[in-house]
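These notes are about the structure you will find just below.
The values are calculated or read from the model by the stated rules, or taken from the named source; none is laboratory data. Predicted model only: the values in this text are computed from it and were never measured. Here the Cβ is made from the backbone with ideal geometry for all residues, glycine too, and neighbour counts use every protein chain on show.
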Amino acid sequence: MMPRLRRREALLLVLMCSTQFLNVANISSVNIALPDIAADLGFSAATLPWVVSAYLLTFAGFLLVSGRIADLIGRRKVLIIGFAIFAVCTLVDAVAVNPQMLVVARAVQGIGAAATIPAALGILTSTFTEASARSRAVAAFGAAGAVGFASGLILGGVVTGPLGWRWVFGITVVPAVLLLALTFRFVPRDDASDLAKGRVDVIGALTATAGLLGLVFALTNASRSGWASLGTLTALIGGIMLLGAFLWVQARVREPLMPPRLWRRPNLAAVMVIGLCLFAAWVGANFFLVLTLQRALGYSAGEAAMALLPLAIGGLVFATLTGRLLPRTGPKPLLVAGLSVYVSGLGMMAVIDTGTGYWPHVLIAILLAVAGNSITFVAANVVAMARARPDEQSLVGGLFNTGMQVGGGLGLAIMSAVAASRIDAGSSTEALLSGYQAAFWTAAGIAALGLLVTAVFLRTAGPKPSSLDSGPTPKVGPA
């Protein structure tokens, strides 16, 4: 993808992209094993989404503070700590004996993942400082996420059928430990000149993390207990108040966790909303696509995995193509095109019924969805990181990924609530399918909102797109 890379740069690119791949694949690989997990450990239909949501909850809650700590004390240190937590908790997932044990382990595992992603992105963008190389490196990082999500779904199906759901987690321990060892061996210690000065804003860290946890908990709990339940309302109000306190603190402390100046960066607010909408539709749609294939169309876990194979292949192809097109087109045309295709694919999923065949309907829907997601994911990552300073690479990466993870929790909660309102009417295949279809229409609406934000609020680049290939920083967004 990037010719004439030095050996060290190529190795770091592979390691950081593998980090992204592993974390995102971990989110999706569990989806296809959910029916088996529910049957074995006794999850109900209302509590089953917590297997996914517990991970997303802490992942979203700790991304921002992890990114800031990585910029302050060193990305290598935080990456090592994150891998260690992730590996241990993945092993606990594999031996869980009841729903509570699995959900708690998944939640702590999310903290480890939250440490690795912004640290890896910071290492990547501080290594590739030339504009074109950085754009392509960030595109590769985004591609690793797109391919990882699809590959995780396939891995979950291939492993769950013959070996059982515990091996979905058990197999993941191996690459986690391997990446930990490779980080020790090959990732250099951080250059002091690239680290942020100062110390951690403790009050900001506490209010931000607690506020995000409260908000995401409310969103995920709403699908189980309803929006009017005491637990949901308490967490929602508490989360909003804590996030408000966080913003108040950031405007007054000398060394804020999230400097207010970040929001003056061109396009950052818009691309945060785009990322939120993208991941909100993606997590929920994949959750219900797996259930549709297995519970409505009668696919086995292995058959569902094979049906989803185009997600992995398409993710790699479209993400790679996007990385090559970005320097020529700039990000906005690709974001508009990607989200338009994405909405079309989700709309096709929304009209799947019991008589729908895999060819051509389901396959075309999957290809459109993965094309739109991959194009948007890569372009949005480049826009988000375009003007981050060397001492805030991990912070900006953590902020953008926080938006996506909050979006994932929000999307899954909303779609679960919409689906449950239809499924409660009965337990027949027709009732299940009616709920799943409503969820897909909701996903399409969320993606359409992202398209609207892109068209109206995302500013185009002032210079010609070719300027992405020159200068010390990528020319993405207005000058």
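If we keep just the residues of region 114-159 that are among the small types (Gly, Ala, Ser) and over 18 Å from the mean Cα position of the chain (by Cα), which is nearest to Ala196 (Cα to Cα)?
Initial filter on region 114-159 (among the small types (Gly, Ala, Ser)): 114-115, 119-120, 122, 126, 131-133, 135, 137, 139-140, 142-146, 148, 150-152, 156-157.
Retained after the next criterion (residues that are over 18 Å from the mean Cα position of the chain (by Cα)): 126, 131-133, 135, 157.
Values: Ser126: 13, Ala131: 22, Ser132: 25, Ala133: 23, Ser135: 23, Gly157: 43 Å.
Residue satisfying both the conditions and the ranking: Ser126.
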(request) Quick one: in region 202-250, of everything that is over 29 Å from Arg261 (Cβ atoms) and of a type in the set (Val, Ile, Thr), which residue is nearest to the chain's Cα centre (by Cα)? (result) Thr220
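In the set Ala319, Ala305, which member is in a helix (DSSP H, G or I), assigned by TED's automatic domain parsing to the domain that holds Ala140 and farther than 18 Å from Ser374 by Cα?
Working: Ala319 fails: farther than 18 Å from Ser374 by Cα.
Being in a helix (DSSP H, G or I), assigned by TED's automatic domain parsing to the domain that holds Ala140 and farther than 18 Å from Ser374 by Cα holds for just one of Ala319, Ala305, which is Ala305.
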(request) May I ask you to list the residues in region 75-86 that are touching a residue at least 40 places away in the same chain (Cβ under 8 Å) and crowded, with 21+ Cβ neighbours inside 10 Å? (result) Arg75, Val78, Leu79, Phe83, Phe86
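Identify, please: which residue in region 256-287 is in a loop (DSSP other than H, G, I, E, B) and not basic (Lys, Arg) and is, among those, nearest to Ala350 (Cα to Cα)?
Kept after step one, since they are in a loop (DSSP other than H, G, I, E, B), are these residues of region 256-287: 256-259, 265-267.
Retained after the next criterion (residues that are not basic (Lys, Arg)): 256-259, 266-267.
Working: Pro256: 44, Leu257: 41, Met258: 39, Pro259: 41, Pro266: 35, Asn267: 32 Å.
Within region 256-287, the match that is nearest to Ala350 (Cα to Cα) is Asn267.
Within region 165-187, restricting attention to residues that are small (Gly, Ala, Ser) and buried (at least 16 other Cβ atoms within 10 Å of the Cβ), which residue is nearest to Pro99 (Cα to Cα)? Even if it seems obvious, please write down each step before you answer.
Of region 165-187, the ones small (Gly, Ala, Ser) are 170, 176, 181.
Checking which are buried (at least 16 other Cβ atoms within 10 Å of the Cβ) leaves us with 170, 176.
Working: Gly170: 17, Ala176: 23 Å.
Filtering first and then ranking leaves Gly170.
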(request) Looking for whichever is under 23 Å from Met349 (Cα atoms), modelled with pLDDT under 90 and assigned by TED's automatic domain parsing to the domain that holds Thr47 here; the options are Ala388, Ala461, Ala425. Which one fits? (result) Ala425
(request) Inspect all residues belonging to region 196-217 and state whether any of them is free of Cβ contacts under 8 Å to residues at least 40 places away in the same chain and not small (Gly, Ala, Ser). (result) yes
(request) Go through Ala420, Ala447 for me and flag whichever is within 30 Å of Arg295 (Cβ to Cβ), modelled with pLDDT of 95 or more and in contact with a Gly (Cβ under 8 Å, 6 or more places away or on another chain). (result) Ala447
(request) Would you mind finding the one in Leu268, Leu278 that is in contact with a Ser or Thr (Cβ under 7 Å, 6 or more places away or on another chain), in contact (Cβ under 8 Å) with a residue 60 or more places away in the chain and not basic (Lys, Arg)? (result) Leu278
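Looking at Val253, Val249, Val290 in this structure, which one is under 29 Å from Leu57 (Cβ atoms), at pLDDT below 95 and not in a helix (DSSP H, G or I)?
Values: Val249 fails: not in a helix (DSSP H, G or I); Val290 fails: not in a helix (DSSP H, G or I).
Answer to the check: Val253.
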